[in-house]
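K.L.:
Structure incoming, see below.
What follows draws every value from the coordinates through simple rules; no lab data is involved. All of these numbers come straight from a predicted model, not from anything done at the bench. Here Cβ is always computed from backbone atoms with ideal geometry, including for glycine, and neighbour counts include all displayed protein chains.
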Amino acid sequence: MTTTAARPTATDAPGYTETMPCEPESARRARLLVSAALNTWGIGELAEDGVQIVAELVNNAVRHTRCRVVRVRVTRPAEGVVRIGVADRCRDTPELGHPDDDSVGGRGLLLVEALSWRWGYDRKHWGKVVWAELEAPATEAPGAC
């Protein structure tokens with residue numbers, strides 16, 4: 001099977017977005033996108049949490065939807081905030097798992113909740129966007145003293 005790779009594009013707010021196949025291998029591409037964005041913005045110290053969050057969100061879309069593609073978006077909607085979102089065409093809403101100690105799965109959103117400042121989802125007429133936000137340190141404007 002041949003897939004066409006979309007190039008990341010800049011968004012209207014400071015950010016990047018990329019459409020990827022809804023398959024497990026896309027989690028790696030999503031991690032690279034988030035890491036590159038955070039490093040570009042000079043907040044690479046958030047990369048460890050950010051890449052884990054986006055991997056969990058992509059994996060949830062792969063596991064729980066029948067979508068052909070997902071759209072990953074990483075933005076700075078406000079000073080001190082980074083938002084990582086994964087959009088898919090499934091309207092089913094995400095739910096926190098309640099795994100017992102012997103469960104193999106069901107911990108993805110619990111991990112997202114633990115690593116993020118807050119998380120949630122936005123329903124759209126075409127599906128949903130599941131997102132998580134990280135608190136980012138304030139950055140100085142270029143040329144500031």
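K.L.:
Could you check the spin-label model distance between Asn39 and Glu23? Points 7 Å from the Cα along Cα→Cβ, value in nm.
P.N.:
Label-label distance for Asn39 and Glu23, simple model: 2.6 nm.
K.L.:
Also, I was wondering about something else. Mind giving me the nanometre distance, one decimal, between the label points for Leu110 and Trp126, set 7 Å out from Cα along Cα→Cβ?
P.N.:
Between Leu110 and Trp126, the label points sit 3.4 nm apart.
K.L.:
Ranked highest first by the average count of other Cβ atoms within 10 Å around their residues, in what order do 120-126, 31-37 fall?
P.N.:
31-37, 120-126
K.L.:
What order, most packed first, do the peptides 47-55, 110-118 have when packing is the mean number of other Cβ atoms within 10 Å of each residue?
P.N.:
The most tightly packed comes first, giving 47-55, 110-118.
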